[in-house]
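The values are calculated or read from the model by the stated rules, or taken from the named source; none is laboratory data. Given the structure is predicted, the values throughout are model-derived calculations rather than measurements. We place every Cβ from the backbone using ideal geometry, glycine too, and count neighbours over all the protein chains shown.
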Amino acid sequence: MSAPLFLVGELPAGDTATLDGPEGHHAADVQRVRPGERVVLADGRGGTVVASVTEVAKGSVRLALLERSSAPRPSPSLTVVQGIPKGERGELAVQAMTEVGVDEIIPWAATRCVTQWRGERGAKSQAKWASTAREAAKQSRRSWLPLVSGAPDLSTKQVAARLAGAAAAFVLHEDATVPLSSADLPSAGEIALVVGPEGGIADAEIDAFVAAGARPVRLGDAVLRTSTAGVAAIAVLSARLGRW
């Protein structure tokens, strides 16, 4: 079994360190690590340190730092513009997309979204997505923490502007004729994918995204839920880009 990963704001310098706070509590009291076991500290920006547990106390772990490494930011990067689903489906989508390799997730207030994020509710919902991504990154041992960015109620106009700046942009749509598995991909920059909400993407939204340079693509014959379409698309791209 691979060593558990814990996220820290900054990687410690020197040869020893104490992991405390929420991550120290999780290591000592939840995962119950023991002296001699290996753990990994990560800063969420590619930097990691492999460490050996030397002492365990309530809520904290003393570590001997062994090996440092730094992974470059993935390129091309993978961004998913996710139409906001209802209920817990959004968190399920964020969790699974993080596990399969998404680099950024942008909540989108599409016309046909059943759920709308506004005001304080929107800020809390976006924070919950960010927390879900963080925990999923730890579980999947990712050295780069995915971003959950953009305003909680990002508009179609704002999404179109973001797509225009991407190296390649795709809209998942059941009526598209080009499969994502054969679409041309850039060697660097950002690949952006748009996933519609439960009610689908409105024609005016498709038109706006195509005008911004996005290309409609399909995954296959089956129509996937909004909470699984992004996961499937990231899996396809991860395989094609050699990440898998």
For V171, which of the numbered conditions (1) closer than 30 Å to E120 by Cα; (2) modelled with pLDDT of 95 or more; (3) surrounded by fewer than 21 Cβ atoms within 10 Å (Cβ to Cβ) fails to hold? (3)
Please pick out the residue among G213, G189 that is out of contact with any Pro (no Cβ under 6 Å at 6 or more places or on another chain), at positive phi, in contact (Cβ under 8 Å) with a residue 12 or more places away in the chain and not hydroxyl-bearing (S, T, Y). G213
Looking for something modelled with pLDDT of 95 or more, hydroxyl-bearing (S, T, Y), farther than 30 Å from I206 by Cα and surrounded by 13 or more Cβ atoms within 10 Å (Cβ to Cβ) - is there at least one such residue anywhere in the stretch 90-108? no
Here is a list: S155, S140. Which entry is within 17 Å of A96 (Cα to Cα), surrounded by fewer than 17 Cβ atoms within 10 Å (Cβ to Cβ) and either modelled with pLDDT under 95 or touching an Asp or Glu at 6+ places or on another chain (Cβ under 7 Å) (or both)? S140
